[in-house]
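A.B. asks: Pasting a structure below so you can have a look.
The values are calculated or read from the model by the stated rules, or taken from the named source; none is laboratory data. Please read all numbers here as calculations on a predicted model, not as lab measurements. Glycine also receives a Cβ, built like all others from the backbone with ideal geometry; neighbour counts cover every protein chain displayed.
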Amino acid sequence: MNIALVLAAGMGRRMGTSTPKQFLNVDGKPILAYTLEAFQHHPEIDAIYVVCPEESRDTVWEIVRDYAISKLQKVLPGGATRRESSYKGIDALAEVCGGDDVVLIHDGVRPNITAETIRANIAMARAQGACVTAEKTVDTIVVSNDGETLTSIPPRKFLWNVQTPQSFRYEVIHKAHLFYENALSKQAADVPEITDDTGLVLYMEECLPEGQRVGICPGNPGNLKVTKPEDLRILLSILQKEEEASQTGDLR
């Protein structure tokens, strides 16, 4: 079984609107609807779970009804952070997932995910246990320890821009979350702040079978995360170009 766990619990403060960004309309449709449709229409996805703010659960169900998202199984309340929201979803999946089932954890505000990216994530997660969608960075990235002055410049050839999905066999990501939760409960000073799921797997490397590593699935520039107002304009432009291409048959 392959399950999409869609994280849509953010409040979108950087967007500067009172409406959480996942519920903003772009070209007449909520951003979250585009995301859910991508998984709904993919033949390899068996079920969808959504994590969202408690007060937005009815809104999610309205989207599900309006856009016929029949694969949606549950809408779960989110946590205070992305990692906590992910853990709530992973914990809830324990009642339906076997260890070898694949979970694709995806940002609800990455609505332009392609069918090929979904397919590649499923294949790599099943083969290797864990993978992340990413693109090689084209920018020079700098490190600043104090937020004011330059500390170092890592070699660009080693750097990738992480996207989602981040995908795992269920036993891998469940074990990684539990390991991190246990470390936090001990209140040790050396427990790092980890914001995403592949970071949890790297923190507990032994959750992967011996000799395996977190794989990288190729991302693409269109798989953007809607965060700032200008991202809405970029997304609208992408959607309009795709619509024009579908009408002319130019689907390169």
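A.B. asks: Show me the helices (runs of 4 or more DSSP H) found entirely inside region 7-123 where at least 1 residues are surrounded by 19 or more Cβ atoms within 10 Å (Cβ to Cβ) and of a type in the set (F, W, Y).
C.D. replies: Correct list: 31-40, 82-92.
A.B. asks: Sticking with this one: With the requirement that a residue be among the β-branched types (V, I, T) and more than 14 Å from C97 (Cβ to Cβ), what does region 155-177 give you?
C.D. replies: V162, T164
A.B. asks: Can you work out which of the residues in region 197-244 that are assigned to a helix (DSSP H, G or I) and among the acidic types (D, E) is farthest from I105 (Cα to Cα)?
C.D. replies: E244
A.B. asks: Further question: Evaluate region 178-192: report whether one residue or more is at negative phi, touching a residue at least 24 places away in the same chain (Cβ under 8 Å), within 16 Å of the chain's Cα centre (by Cα) and surrounded by 10 or more Cβ atoms within 10 Å (Cβ to Cβ).
C.D. replies: Step one: of region 178-192, the residues at negative phi are 178-186, 188-192.
Add one more test, that the residue is touching a residue at least 24 places away in the same chain (Cβ under 8 Å), and what stays is 179-181.
Those left that are additionally within 16 Å of the chain's Cα centre (by Cα): none.
No, there is no match, as no residue in region 178-192 is at negative phi, touching a residue at least 24 places away in the same chain (Cβ under 8 Å), within 16 Å of the chain's Cα centre (by Cα) and surrounded by 10 or more Cβ atoms within 10 Å (Cβ to Cβ).
A.B. asks: Take region 76-92 and flag every residue that is within 16 Å of the chain's Cα centre (by Cα) and of a type outside the set (G, A, S).
C.D. replies: Residues satisfying the conditions are L76, T81, R82, R83, E84, Y87, K88, I90.
A.B. asks: Further question: Do we find a residue being under 29 Å from R233 (Cα atoms), modelled with pLDDT under 95 and not small (G, A, S) anywhere in region 27-42?
C.D. replies: Taking every residue of region 27-42 in turn, at least one turns out to be under 29 Å from R233 (Cα atoms), modelled with pLDDT under 95 and not small (G, A, S).
A.B. asks: Answer yes or no: is there a residue in region 210-221 that is β-branched (V, I, T), buried (at least 18 other Cβ atoms within 10 Å of the Cβ) and at pLDDT 95 or above.
C.D. replies: From region 210-221, those β-branched (V, I, T) are 214, 216; that's our starting set.
The next check asks that each one be buried (at least 18 other Cβ atoms within 10 Å of the Cβ); those that pass are 214.
When the remaining residues are screened for being at pLDDT 95 or above, the result is none.
No: region 210-221 contains no residue that is β-branched (V, I, T), buried (at least 18 other Cβ atoms within 10 Å of the Cβ) and at pLDDT 95 or above.
A.B. asks: Applying the selection to region 160-195, what residues are hydrophobic (A, V, I, L, M, F, W, C), out of contact with any strand residue (DSSP E or B) (no Cβ under 9 Å at 6 or more places or on another chain) and not in a helix (DSSP H, G or I)?
C.D. replies: A188, A189, V191, I194
A.B. asks: Moving on to the next point. In region 135-153, is there at least one residue being loosely packed, with under 10 Cβ neighbours inside 10 Å and part of a helix (DSSP H, G or I)?
C.D. replies: Scanning region 135-153 turns up no residue that is loosely packed, with under 10 Cβ neighbours inside 10 Å and part of a helix (DSSP H, G or I).
A.B. asks: Pull out all pairs, ordered by first then second residue, where Cβ-Cβ is under 9 Å, the residues are six or more apart or on different chains, the first lies in region 225-245 and is without any contact (Cβ under 8 Å) to a residue 40 or more places away in the chain and surrounded by 12 or more Cβ atoms within 10 Å (Cβ to Cβ), and the second is of a type in the set (K, R) and not in a helix (DSSP H, G or I).
C.D. replies: Close Cβ pairs (under 9 Å, with a partner that is of a type in the set (K, R) and not in a helix (DSSP H, G or I)) amount to D231/K225; A245/R252.
A.B. asks: Next question. Just need a number here: residues in region 47-82 that are modelled with pLDDT of 95 or more, within 17 Å of D197 (Cβ to Cβ) and out of contact with any strand residue (DSSP E or B) (no Cβ under 8 Å at 6 or more places or on another chain).
C.D. replies: 0
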